[in-house]
1. Let me make sure I get this right: for the chain, a, b and c are the square roots of the gyration tensor eigenvalues over alpha carbons, sorted descending. Under 1.5 in a/c it's rounded, otherwise prolate if a/b > b/c, else oblate. Which is it?
2. Might you tell me the accessible area per residue for the chain, computed with a 1.4 Å probe and given in Å²?
3. May I ask you to order 119-128, 237-246 by the average number of other C-beta atoms within 10 Å around their residues, highest value first?
4. Probe radius 1.4 Å, ligands and nucleic acids ignored: give me the carbon and sulfur share of the accessible area of the chain as a rounded percent.
5. Can you work out the FRET efficiency for the pair Y27 and E146, with r the C-beta to C-beta distance and R0 = 41 Å, to the nearest 0.05?
6. Quote to one decimal, in nm, the extra length available between E181 and D91 on full extension: 0.36 nm per residue of separation minus the C-alpha distance between them.
7. What full-extension length gain, to one decimal in nm, is calculated for E72 and D169 as 0.36 nm per residue of separation minus the Cα-Cα distance?
8. Pairs of Cα atoms under 8 Å, at least six residues apart: use those to get the relative contact order of the chain, whole percent.
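The values are calculated or read from the model by the stated rules, or taken from the named source; none is laboratory data. This structure is a prediction, so every number in the text was calculated from the model and none was measured. Please note: Cβ atoms are built from the backbone with ideal geometry, for glycine as well, and neighbour counts cover all protein chains shown. The area values use the complete protein model at the heavy-atom level, side chains included, leaving out ligands, DNA and RNA. Shrake-Rupley method; radii C 1.70, N 1.55, O 1.52, S 1.80 Å.
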Amino acid sequence: PLISAITGNPVSHSRSPDLYNRLFSEYGIPGRYIFLPASSAEDAIRAMRALGAKGLSVTIPFKETMVSCIDEPDEDVTAIGALNTVVGCGDRLYGHNTDWIGVREPLRDLVGSDALVVGAGGAAAAAVYALLSLDMRVQIANRTPERGEVLAERFGCTAIPFQEIKAPDLIINATSVGMKESDGSPVPSSLLKPGVTVFDLVYTPPMTPLLREASAAGCRIIKGTEMFIYQATAQFRLLTGIDPDPSKIREVLG
Ligand code: ATR
């Protein structure tokens, strides 16, 4: 059987095993997708080999450290500096990143827009890479301005203090703000206006304080679930060679 797994720390909250196992039966793939708890990226690779798993989904906090554990990162992984998918072929391990595809796909109608990315971690790097692939102009604002500047420098875009942001067409939250019950919105309210699209990469919970505020202000909102659906679509293709229907994934996620 085709064995795949998800690793990260913690990993037990992930919905991927449930999703992928249902897709395996839906598409008649004789496979199994399991949780692979590990203490480090190296540890996860050892366990992957011991299991004979062909594919690995990689989540926080191993997305960056995993890059040096594999043989061949593709050009997306090299540019973003992080991966979320490892595929074994013979003895060699190939690294891919489908997070940026999850950001790109829901935004195909916004080619050439002025975008603001809030955040400067791994999720922000994938977002900036996706927006640049859609020919957008990108401003980056981050709580710790220095991290924003480092990210902007890497991708040749602009880091900007929150007070100086120029009215964007698209706002992406790439921080972790919105995951906790007590969180507020990481985006200045003055930027939320009709005509602006707001995409929150946080997907647990599906509706965040930012999205609620943006919706009330007349913005078009895109939930983090959309990113998950499209990153999973691309990842499933890498793990199995089968192109799943994104609407099937949306259905399974409910
Ligand atoms: P990831 O790889 O998932 O993006 P990360 O590298 O830890 O995770 O980055 C988290 C992002 O969320 C950072 O931009 C962080 O801002 P700092 O660089 O200032 O740490 C941002 N973030 C986390 N908590 C925040 C908060 N309470 N307010 C504003 N930004 C926050």
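1. Note, shape of the chain comes out prolate.
2. With all protein chains present, the chain gives 46 Å² per residue.
3. My ranking of the peptides, most packed first, is 119-128, 237-246.
4. Answer for the chain is 52 percent, counting heavy atoms of protein chains only.
5. 0.35
6. Length gained between E181 and D91: 27.9 nm.
7. Going from the current span to full extension adds 31.3 nm.
8. Relative contact order comes out at 14 percent.
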